[in-house]
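Student: Quick one: the structure is below, and I'll ask about it shortly.
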Amino acid sequence: MNTILTMDQRLKLLLIDDDDLVIQTLKMMINQTTSWRITATSDFRNPPRDNFHAAFVDMHLSNNIERAEGVEVVAKLHEMSPHLEIVAISGNL
């Protein structure tokens, strides 16, 4: 039996990345296979407050390669929502 989820029933995913190409790529890949409701932002200082089920967070959110701002973002998200599933991502090694 196929279940069709309404807009309010879909799982909510937060994407935080400073690279719009990464955000667009993730949206494209995720939307092809799932029905997540996606919220994307590059504003890592003020992540949106919502009852997200999962989040992808870039670890390097500025041009400062020496600083991994994403660690602080993950801590803030965890404080706001302790049960949030968080995936840390980065293109900067």
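Student: For the stretch 17-41: of the residues being polar (S, T, N, Q) and within 19 Å of residue 85 (Cα to Cα), which is most open to solvent (accessible area, probe 1.4 Å)?
Tutor: 33
Student: Looking at the structure I just gave you, is residue 44 out of contact with any Cys (no Cβ under 8 Å at 6 or more places or on another chain), closer than 13 Å to residue 77 by Cα and either open to solvent by 50 Å² or more (accessible area, probe 1.4 Å) or modelled with pLDDT of 95 or more (or both)?
Tutor: Values: out of contact with any Cys (no Cβ under 8 Å at 6 or more places or on another chain): yes; closer than 13 Å to residue 77 by Cα: yes; either open to solvent by 50 Å² or more (accessible area, probe 1.4 Å) or modelled with pLDDT of 95 or more (or both): no.
No.
Student: If the Cβ limit is 7 Å and pairs must be 6+ apart or interchain, which residue in the stretch 41-55 that is farther than 15 Å from residue 27 by Cβ pairs with which residue that is open to solvent by 40 Å² or more (accessible area, probe 1.4 Å) and modelled with pLDDT of 90 or more?
Tutor: 47/76; 48/39; 49/80; 50/39; 53/11; 53/85
Student: Filter the stretch 47-64 for residues that are under 17 Å from residue 22 (Cα atoms) and more than 12 Å from the chain's Cα centre (by Cα); which is least open to solvent (accessible area, probe 1.4 Å)?
Tutor: Among them, the one singled out is 61.
Student: Give the residue that is farthest from residue 60 (Cα to Cα), with candidates limited to residues of the stretch 17-39 that are touching a residue at least 40 places away in the same chain (Cβ under 8 Å) and not hydrophobic (A, V, I, L, M, F, W, C).
Tutor: So the first thing to find is which residues in the stretch 17-39 are touching a residue at least 40 places away in the same chain (Cβ under 8 Å), and the list is 17-19, 22.
Now narrow it down to the ones that are not hydrophobic (A, V, I, L, M, F, W, C): 17-19.
Details: 17: 8, 18: 8, 19: 10 Å.
Within the stretch 17-39, the match that is farthest from residue 60 (Cα to Cα) is 19.
The values are calculated or read from the model by the stated rules, or taken from the named source; none is laboratory data. Quick caveat: nothing in here was measured; it's all calculated off a predicted structure. So basically every Cβ, Gly included, is an ideal-geometry build from the backbone, and we count neighbours across all protein chains shown. Remember, those area values only see protein heavy atoms, side chains included, never the ligands or the DNA or RNA. Shrake-Rupley method; radii C 1.70, N 1.55, O 1.52, S 1.80 Å.
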